[in-house]
Each structure stands twice: as C-alpha cells, then as structure tokens.
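Notes follow the structure.
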Amino acid sequence: MLSKEAIVLEGVTISKKLKKVKPVSLGYAKAKRSIYVMAMQGTETVVFIANPAGEQLLIESFTFRGVTTKGYKFAFRLHFYKPDAATNGPGEEIMHDDIVRYVDGDSKKVIETDVSAYAIVMPADGVYAGIEWLSCTDADGVTVDAKDYKWYNCSVEYTAAEEIVTYYRERLGDGVWHETPVAHNAAYSIKASAY
C-alpha cells in the first residue's frame, strides 16, 4: 500500500520584472517605388534581409506593398530561407507551415502578415524572405484567364534601390533561383525581436 508523504518546496524569488522587447523593422518596405510587377502564378521572389543583431531573432511579421484593382484579388504564400553558404542565394527553407493570404478589393496599401504564432527563427547571418504568387482571381475567386489579365489588376511594388538583393524562380518552370536586375528589386520587410 502506498503512503502519503508531505514535501515542503522552497519559495521562488523574482528579482526583477522582464521588459517586453519591441520588435525592430528590417528590410525595404519603405524604399521608393520605381515599378509595379504583375503577380504571375507560380513566381516566387525573395529578398535578403541582413540581421544586424548577429544572433537569432524571432520573425514576427512580413510586409510588402501590393496593388489590386476593384473586382480582383491575388493569393500569395510566404517563404523564408537560410542564406546558402556556397552561393549566397536562398538556401534551405526555414518555415514549413503553409501561410497563404489574399490581397483584394481596390487596394494600394502596405500588406503586413503576422507570423508570430509560427515561431520562425531568423538566422544570425540573415534571411531570404518573400512571397510566391499563387493566382490572380476575379471577385468570385475564379482564376483570371490570360486574355482578361492586365498587369495592373494584381501587382506588387518594386524598387531600383541598389542595396537590395532579390532572387526569383518559377515554381511551375525549372525552379532555379535567378538574381534580378538592379531595377527590379522587391521591397519586402520583416519585423523581428529577440527571444
């Protein structure tokens, strides 16, 4: 038969209150726009965002500027990659959740997606962050046929800022990463904080 035994635990003293760390904005969402790039199904674009802290950070949100005209919307999927040590381009994907969002309505705005629930860790040497364009649809969600598609129906703002390193690939094509010309850099940003 089991017998009961009382154990007295020592008390815990909290010496000081922890401060909430405010996330810092990193990247290029505030860069001056130079062109609009139309959202084409299967195209993925990512930019390199340096990590000034030199230690791992938690990514809390992803931001870009998107434009849709009335009656259209586009779907996008977020992606985050470690830098590849051999090529300096995008390497291993660090997020495996499927985060899909929509930009719709008559919008010309900053689109910020909260990813804090996914515990995505930004490497100490930076991250490639970006979007994969899934489709441009009409108001009923029907994918727009090529003959009805205009570049301004669903597009993303790009910049000519030279300090930005942007890569793209066609997921529906060969899937190989290519660096974009200087005038075609994606103006993406993240918010990150210590953990």
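Taking 35 Å as R0, compute the FRET efficiency from the Cβ-Cβ separation of K22 and R77 and round it to 0.05.
The value I calculate is 0.80.
Take every Cα-Cα pair in region 87-128 and report what % of them are more than 16 Å apart.
Roughly 54 percent, rounded to a whole number.
Local charge sum around A124 (other residues, Cβ-Cβ under 13 Å, Lys/Arg +1, Asp/Glu -1)?
Every neighbour counted, the sum reads -1.
So how do I59, I35 rank on accessible area, 1.4 Å probe, biggest first, that is with the largest at the start?
I35, I59
Going by average Cβ neighbours within 10 Å, how do the peptides 69-77, 172-180 rank, with the highest at the top?
Descending packing order for the listed peptides: 69-77, 172-180.
Round to the nearest 10 and report in Å² the accessible area of Y195, as given by a 1.4 Å probe over the protein chains' heavy atoms.
Taking all protein chains as shown, Y195 has close to 150 Å².
At 37 °C and 0.692 mPa s, what whole-number value in µm²/s does Stokes-Einstein give for the translational diffusion of region 42-106, with Rh from the Kirkwood sum over Cα pairs?
In µm²/s, the coefficient rounds to 231.
For region 60-100, list residues with backbone N below 17 Å from a point placed 7 Å from the Cα of V176 toward its Cβ?
87-91, by backbone N distance to the label point.
What accessible area per residue, rounded to a whole number of Å², is obtained for region 61-134 using a probe radius of 1.4 Å?
Per residue, region 61-134 has an accessible area of 45 Å².
In terms of the ratio Rg/(2.2 N^0.38 Å) built on C-alpha atoms, what value belongs to region 24-74?
1.46
The values are calculated or read from the model by the stated rules, or taken from the named source; none is laboratory data. Because the structure is predicted, anything quoted here is derived from the model rather than measured. Positions of Cβ are generated from backbone atoms using ideal geometry, with glycine treated the same way; all protein chains shown enter the neighbour counts. These accessible areas exclude ligands, DNA and RNA; they are computed on the full protein's heavy atoms, side chains included. Shrake-Rupley method; radii C 1.70, N 1.55, O 1.52, S 1.80 Å.
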